[in-house]
Structures are given as structure tokens and as C-alpha cells.
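Let me begin by presenting the structure, written as C-alpha cells, before commenting on it.
The values are calculated or read from the model by the stated rules, or taken from the named source; none is laboratory data. Being a predicted model, the structure only gives us computed values, none of them experimental. Heads up, the Cβs are rebuilt from the backbone with ideal geometry, glycines too, and the neighbour counts pull from every protein chain shown. Areas reflect the complete protein model, heavy atoms only, side chains present, ligands, DNA and RNA absent. Shrake-Rupley method; radii C 1.70, N 1.55, O 1.52, S 1.80 Å.
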Amino acid sequence: MASRDEIVSFLDEYLNIKAFPDKSKNGLQVEGKGEVNTIAFAVDACLDTFVKAKAFKADMVIVHHGIVWGGVEYVTGLIQKRLKFLLENDINLYVAHVPLDAHPEVGNNAQILKLLDLEPKEPFGDYGGVTIGFIGEFEEPKPLPLIAQILVEKLKIDYVKSYEFGKQEIKRVGVISGAGGFAIEEAVKKNVDLFITGEFTHGSYRTAEDLRLSVLAAGHYATETLGVKALMPLLREKFSVKTVFIDNPTGL
């Protein structure tokens, strides 16, 4: 068992949550019990996650997507339902959105590169004046279909969407999980051969097509399971708590 406040203080510092511009209110969004024995990890702070966390007797839930974006004007409707469940069950909710994308060790983007046996070589993906993604580089070029297959196998998903607008032999790989389309033009400027992201919008399709940049879209959800999963052994070892990952895939 560990102190909630010690866990929160550690995460705030380790993830450097105040350094990143973000609509998400990162950190402890909902305060529950002061002592933590079990922590549940998930991508999304939704009711199904909370119900499963309760079933696992979790005292804290750590997620990538929280329930407060910008602020709370009224405690009605869905926000009331979510808050009521957490408060009635005395469950803490900790959120790390952009800080968990950007972390050079446990972050989603660094972890995606590690799936490909790549190290984060240089920062990439300007987001409000800070970078949240990374570029890695193969020693020898790899065929695009092989990289797609590696992601399918290691993310344990059915497929990735492949947009082969540019190179087929890949050396430089830029990664931004989730909705990373904003970084396509920067990827081209930094001589990236392949851009890996989560979801790919209509507008991003046209941008990548015109700029002749190959893209793999592996799913918003799937690409953002990695950061919370990477946090699990870290907290388990440091605070001697039980941990569990709650999988609520959307297929998106």
C-alpha cells in the first residue's frame, strides 16, 4: 500500500506535466482515498473503465484521456455520472495526456519506436511550442509492408491502414500517436520516409498524398495503450502496489 499523494507527486514530476500545453487537465482530476493498494491503467476515462476498475478493487485509475478538458461548467449529464461513480467508490483518477505522448522513455511515441527496435533519435512534432513525437532511424532500410506487419503483431491488432504515397524502402520513421496529422508537413521537412500515427483524417490524407509521404495509421486507441502499460511496472516496483490494465478497445 502507498500514499496517493506520493504517487501523484512522483507522476507529476516524472511526466513533467506542467511543461506541456494541453486542453486536458493533467494530474489528479478526481480525488479518492488517500491510501492506494491497486492501480488500474486504461486509455480512456469512461464508465466501463470505472466499473471494471471497481471490480478489480482499484483505488486509483491512471488514464491517457481524462474527463476534464478545459474545465467543468456544470456537473450534469455524463460528467455527473462519471464523477458520481468515482466519488461514491472513493476512486482516484489521474490523467496524463500530452505528457504521456511526449515522454522519452514511457511515452506512447517512444514506445511505438521501440516496437520497431528503434530508439528515439531526435524530437519531432511541434505542439504549441514543444515537441511531443520522435524520429527513429533503421541502420538499413526496411520495406514498408514489413513495418506494417510488425505493428500488427506487436500491437495485437487486425491490421494497420497503409497509405503508400511515398517511399517503399524506409529508413527514417517519425511517430506521433493518436491524432498526429498536424505533423505531416513537418515530417516532410525533416526528411521522414514513413510517418506512423493513430488515426488519419480526410484532410490529412490529402496533405500526405500531395507531399508524397507514406503513412501507417495503426489506430488511435491501439497506439495509445503503450504509455499507460509502460507506467505499470514502474509504479508497481517503486510503490509496491498491484497493477492491472483495463482493455476497452474502440477499433478506431
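Surface composition of the chain: carbon plus sulfur atoms contribute 50% of the solvent-accessible area (1.4 Å probe, protein chains only, all chains present).
DSSP beta bridges confined to the stretch 37-162 are antiparallel in about 35 percent of cases.
The calculated FRET efficiency for Glu122 paired with Tyr159, based on their beta-carbon distance and R0 = 22 Å, is about 0.15. Summarising the label geometry, the points placed 7 Å from Cα in the beta-carbon direction at Lys54 and Thr38 lie 1.4 nm from one another. Note that the stretch 39-46 has calculated 3J(HN,Hα) couplings of 10, 9, 10, 7, 7, 10, 8, 10 Hz, one per residue in order, obtained from phi through the Karplus relation 6.51 cos²θ - 1.76 cosθ + 1.60 (θ = phi - 60°); glycine and proline are x. For Gly180, the residues 5 or more places off, or on other chains, whose built amide H falls under 5 Å of its own are Gly198, Glu199.
From its DSSP helices (H runs of at least four residues, each -39,500 (n - 2.57)), the chain gives a residue-normalised ellipticity at 222 nm of -10000 deg cm²/dmol. Give the angle, between 0 and 90 degrees and rounded to the nearest 10, that separates the Cα long axis of helix 4-14 from the longest principal axis of the Cα atoms of the chain. Tilt relative to the chain: about 20 degrees.
Taking other residues whose beta carbon is less than 12 angstrom from the beta carbon of Ala2, and scoring Lys, Arg as +1 and Asp, Glu as -1, yields 0.
Counting only residues at least eight positions apart within a chain, or on another chain, the lysines with an alpha carbon under 21 Å from that of Lys229 are Lys25, Lys52, Lys54, Lys57, Lys114, Lys154, Lys156, Lys238, Lys242.
The GNM of the chain, with springs linking C-alpha atoms under 10 angstrom apart, assigns the highest mean-square fluctuation among Asn109, Asn26, Asn37 to Asn37.
In order along the stretch 118-130, phi translates into HN-Hα couplings of 10, 9, x, 8, 8, x, 6, x, 5, 9, x, x, 10 Hz, rounded to whole numbers, per the Karplus curve 6.51 cos²θ - 1.76 cosθ + 1.60 with θ = phi - 60° and x for Gly and Pro. Of all beta bridges that DSSP places with both ends in the chain, some 50 percent have antiparallel geometry. For the chain, set up a Gaussian network in which alpha carbons nearer than 10 Å are linked by springs, and say which option among Ile176, Ile132, Ile79 fluctuates the most. Looking only at Ile176, Ile132, Ile79, the biggest GNM fluctuation is shown by Ile79. When the Cα atoms of the chain are aligned to their principal axes, the ranges along those axes come out at 53, 38, 34 Å in descending order.
Here r is the Cβ-Cβ distance between Leu211 and Val244 and R0 is 41 Å; the resulting FRET efficiency, rounded to 0.05, is 0.45. Phi-derived couplings, Karplus 6.51 cos²θ - 1.76 cosθ + 1.60 at θ = phi - 60°, listed residue by residue for the stretch 216-229: 10, 10, 9, x, 4, 5, 4, 6, 10, 7, 6, x, 5, 5 Hz, with x used for Gly and Pro. Straightening the chain between Ala19 and Glu237 buys 75.9 nm, computed as 0.36 nm per residue apart minus the Cα-Cα spacing. All alpha carbon pair distances within the stretch 107-192 were sorted into 5 Å bins beginning at 0; the resulting P(r) in whole percents reads 3, 14, 25, 29, 21, 7, 2, 0. How would the stretch 1-96 be classified by its alpha-carbon gyration tensor: rounded, prolate or oblate, with rounded meaning a/c under 1.5 and the a/b versus b/c comparison settling the rest? Verdict is oblate for the stretch 1-96. On full extension, the segment bounded by Asp5 and Leu87 gains 27.8 nm, given 0.36 nm per residue less the C-alpha separation.
Close amide H contacts of Asn37 (hydrogens built in the peptide plane, cut-off under 5 Å, sequence separation of 5 or more or a different chain): Ala2, Asp59. If the cut-off is a Cα-Cα distance under 16 Å, which lysines reach Lys190, setting aside same-chain residues fewer than 8 apart in sequence? By straight Cα distance, Lys190 reaches Lys121, Lys167, Lys171.
Of all the options Leu28, Leu234, Leu115, the one that moves most in a Gaussian network model of the chain with Cα springs shorter than 10 angstrom is Leu234.
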